Amino acid sequence: MEFFALGPNEWAAIVLSVQVAIAATLASLPLALFVAYALARWSFPGKGLLNGLVHLPLVLPPVVTGYLLLITLGTQSAIGGFLSEIGIVFAFRWTGAALAAAVMAFPLMVRAIRLQIESIDPQYEQAAATLGASPVWVFLTVLFPLMLPGVVVGSILAFAKAMGEFGATITFVSNIPGQTQTIPSAIYAFLQVPGKEAAATTLVVISVVISMLALLASEWIARKVGRKEGGL
Amino acid sequence: MLQIELQHQLGAFSLDLNITLESGLTVLFGPSGAGKTSVIHAVAGLLTPRFGRIVLGDRVLLDTQQRVHVPTHQREFAYIFQDPRLFPHLSVLENLRYGQRFLGARPALAAFDATIDTLGIGHLLARRPMALSGGEKQRVAIGRALLSSPRLILADEPLAALDEPRKDELLRVFERIRDVLNIPIVYVTHSSAEVARLADRVVRLDQGRVLAQYAGERRAQADAVEVVTDTLELTGRVIRRLNATEVEVHLEEQLIRLQDDQALPGEWVVVCVEATSMRVQRR
């Protein structure tokens, strides 16, 4: 089993990757719900601009996104300097890796939730309002349950994207073992060193397993939610 | 009493009317595109007109000049849509109970058990809306609306998507709501049959204007027509006596020989025909 022997750095990379992906997914969910709802249901000036901004990380080279994060949120920048004064530091910390992953995953999450909201007939919301439900109740009792499949799919997509994010992460927070080194950056690091192919392969296998588990979990949840909705 | 004063522009269509409705069932009647749905959308608060004032009793729901705009969920109106709009993720029971949690201090208007009995939906409670027929869905939607204890019911062509037998069932339901529960109803339709059955008053709309308002003539003879009989009574005149037991009678433009030993020529008689002795022949 020497093939699968994992050193402390490999373990750290795995734990960090999962931690980063979960944090990125959970932290971006509320904002993604809001943005998806706004794009699906409201019309306001600048809607096209917002849509473009949300989708930008999807079309930009990840290295560019990482660089933009570095110059806006790095400790040398105005915003980053202000944030570090109040105790929030992103550059070269695991939180920075989570932020980079969240930014890269955000368009996928918003897109899945937005499509789901657009598929819900606004007539249900009208019907709920005529029965006495305030907008908050309409959201909690009608809209959210109906958009749940999209939320699940969007979260799983975001989680998978965050697990695999490389370019923006390595640009923004570098590749520090035990601090900012996620599975993809660890694999990259191993491939730079002769004789470390076995360790790289181990991480590749683990990465495949975690992604497959996430995918199966999403299928299972989607089926459960779907049955509750359409069941007899 | 419901006062509706509206002016609104939707593309090339303009709405301009001022009507006052008493309690009972008022039908908004007119062709498609007459503005019927826009009117009840405005009453429900689903559409905000450019200019308008809507008052139910002494409660001002909308006054664009005074900047009063009570949101839909606080108007305490129920809306029965053409499409039943049952919540697909909730069971029939959960759909029916949906409005109850928002009642607050208001007393419930209709008892739950009596309502589902009247609507005949007791056996459907555990089902999902997807598993219901069109008529069943609409009955559940009506139940859901009633159980939210509305001060006014707005119904937008609630029978339009149903076949004739279902329509008849639901017309009876609306008659019951009108006569027993005594909730004012504003009912939109372009079916003159529904107007005849339901309307206390008719407001005729065309192109966003009121064409006419009049009292509805509920078919007075509706009851008589509904009586099912097994004997037909026809009036005829005896022409002549053929012999001691037979006469010739002029009946429905024809001469017919009938068994009788008393009637005299020239006499008007009632001829009874048993349904069992009649047969249907297709033309």
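Looking at the protein assembly as shown, send over the antiparallel percent of its DSSP beta bridges, to the nearest 5.
Values: 44 of 61 bridges.
Of those bridges, close to 70 percent are antiparallel.
Give the aspartates and glutamates whose C-alpha is closer than 14 Å to that of residue B:36, dropping any in the same chain fewer than 8 places away, or say none.
Cross-link targets: B:5, B:16, B:156, B:157, B:206.
Could you tell me what percent of the DSSP beta bridges with both partners in chain B are antiparallel, to the nearest 5? Don't skip to the answer; put the middle values down first.
Working: 44 of 61 bridges.
Bridges in chain B are about 70 percent antiparallel.
What is the Cα coordinate range of the stretch B:18-140 on the first, second and third principal axes, sorted by size from largest, in whole angstrom?
Its Cα atoms span 48, 39, 28 Å along the three principal axes.
Which whole number gives the average count of other chain Cβ atoms within 10 Å of the Cβ atoms across peptide A:119-130? Working shown, then result.
Working: counts 0, 1, 3, 0, 4, 5, 2, 8, 15, 7, 9, 19.
Counting other chains' Cβ atoms within 10 Å and averaging over A:119-130 gives 6.
Per-residue Cβ counts within 10 Å, from other chains only, averaged over B:89-102: what number is that?
On the way: counts 12, 4, 1, 0, 0, 1, 2, 0, 0, 8, 6, 2, 5, 6.
That average works out to 3.
Averaged over its residues, how many other protein chain Cβ atoms are within 10 Å of peptide B:80-87's Cβ atoms? Let's see the in-between values first.
Values: counts 2, 4, 0, 3, 1, 8, 2, 9.
The mean count of partner-chain Cβ atoms within 10 Å per residue comes to 4.
Stokes-Einstein diffusion coefficient for the stretch B:75-154 at 4 °C in a medium of 1.567 mPa s, Rh from the Kirkwood formula over Cα pairs: what value in µm²/s?
Details: Rh = 12.5 Å.
Approximately 104 µm²/s, per Stokes-Einstein.
Would you kindly find the accessible area of residue A:63, with a 1.4 Å probe and non-protein molecules such as ligands, DNA and RNA excluded, rounding to the nearest 10 Å²?
80 Å²
Could you tell me the center-to-center distance, by alpha carbons, between the stretch B:149-222 and the stretch B:1-25 in angstrom?
17 Å
Mind putting together the pair-distance distribution for chain B? All Cα pairs, 5 Å bins, whole percent per bin, short to long.
Histogramming chain B at 5 Å steps yields 1, 5, 10, 13, 13, 12, 9, 7, 5, 4, 4, 5, 4, 3, 2, 1, 0, 0, 0 percent.
Would you please put A:93-99, A:16-22, B:271-277 in order of how densely packed they are, using the mean number of other Cβ atoms within 10 angstrom per residue and starting with the highest? Mind dumping the intermediate values first?
Working: A:93-99: 23.0, A:16-22: 21.0, B:271-277: 10.1.
My ranking of the peptides, most packed first, is A:93-99, A:16-22, B:271-277.
When you have a sec, figure out the Kirkwood radius of the stretch B:85-207 from all distinct Cα pair distances and drop it here in Å to one decimal?
Radius from the Kirkwood sum: 15.1 Å.
Compare the peptides B:51-61, B:184-194, B:3-13 by average per-residue count of other Cβ atoms within 10 angstrom and give them in order, highest first. Spell out each step's value before the answer.
Working: B:51-61: 17.0, B:184-194: 20.4, B:3-13: 15.2.
The packing order, highest mean first, is B:184-194, B:51-61, B:3-13.
Order the following by accessible area, largest value first: A:139, A:190. Probe radius 1.4 Å; ligands, DNA and RNA are ignored. Walk me through the intermediate numbers first.
Working: A:139 65, A:190 30 Å².
Ranked from most to least accessible, the order is A:139, A:190.
Could you tell me what fraction of 2.2 N^0.38 Å the Cα radius of gyration of the stretch A:101-191 comes to, as a two-decimal ratio? Can you show the working numbers first?
Details: Rg = 19.1 Å, N = 91, 2.2 N^0.38 = 12.2 Å.
In units of the globular-protein estimate, the stretch A:101-191 measures up at 1.57.
Tell me what chain B gives for mean residue ellipticity at 222 nm when only DSSP H runs of n ≥ 4 count, each as -39,500 (n - 2.57), the sum divided by the residue total, rounded to 500 deg cm²/dmol.
-6000 deg cm²/dmol
For the interface of chains B and A, what total accessible area is buried with a 1.4 Å probe, rounded to the nearest 100 Å²?
On the way: alone 16290 and 12790 Å², together 26940 Å².
What B and A bury together is about 2100 Å².
With the alpha-carbon atoms as the only input, what is the per residue convex hull volume for the stretch B:228-277 in Å³?
So the per-residue Cα hull volume is 77 Å³.
Skip the ligands, DNA and RNA, and give the accessible area per residue of the stretch B:42-141 with a 1.4 Å probe, whole Å². It would help to have the intermediate numbers written out before the result.
On the way: 4520 Å² over 100 residues.
Using a 1.4 Å probe on heavy atoms only, each residue of the stretch B:42-141 averages 45 Å².
Can you show me the helix-derived [θ] at 222 nm for chain A, built from DSSP H runs with n ≥ 4 at -39,500 (n - 2.57) apiece and divided by the number of residues, rounded to the nearest 500. Each step should come with its number before you reach the end.
On the way: 11 runs with 176 residues, N = 232.
Result for chain A, helices only: -25000 deg cm²/dmol.
Considering only protein heavy atoms, what is the solvent-accessible area of residue A:163 at a probe of 1.4 Å, reported in Å² to the nearest 10?
10 Å²
How many Å³ per residue does the convex hull of the Cα positions in the protein assembly as shown occupy? Walk me through the numbers before you get to the answer.
Values: hull volume 136.3 nm³, N = 515.
Output value, Cα hull per residue: 265 Å³.
Using every pair of alpha-carbon atoms in chain A, split the distances into 10 Å bins beginning at 0 and state the percent of pairs per bin, rounded to integers.
8, 27, 30, 21, 11, 3, 0
Determine how large the accessible area of residue B:97 is when every protein chain is in place; take a 1.4 Å probe and give Å² rounded to the nearest 10.
Here the residue's solvent-accessible area equals roughly 110 Å².
Hey, how many Å between the Cα centroid of the stretch A:176-207 and the Cα centroid of the stretch A:11-90?
For the stretch A:176-207 versus the stretch A:11-90, the Cα centre distance is 25 Å.
Express the carbon and sulfur contribution to the solvent-accessible surface of chain B as a percent, rounded to the nearest whole number, probe 1.4 angstrom. Could the numbers behind the result be given before it?
Details: 7320 of 15220 Å².
Looking at chain B in its full context, I get 48 percent from C and S.
Just to make sure I understand: if all protein chains stay in place, what is the order of B:174, A:34 by accessible area at 1.4 Å, largest first?
On the way: B:174 0, A:34 115 Å².
Sorted descending by solvent-accessible area, the residues read A:34, B:174.
The values are calculated or read from the model by the stated rules, or taken from the named source; none is laboratory data. From a predicted model like this one, the values you see are computed outputs, not experimental measurements. Glycine gets a Cβ as well: all are built from the backbone with ideal geometry, and neighbour counts include every protein chain shown. We work out accessible area using only protein heavy atoms, side chains counted, and drop any ligands, DNA or RNA first. Shrake-Rupley method; radii C 1.70, N 1.55, O 1.52, S 1.80 Å.
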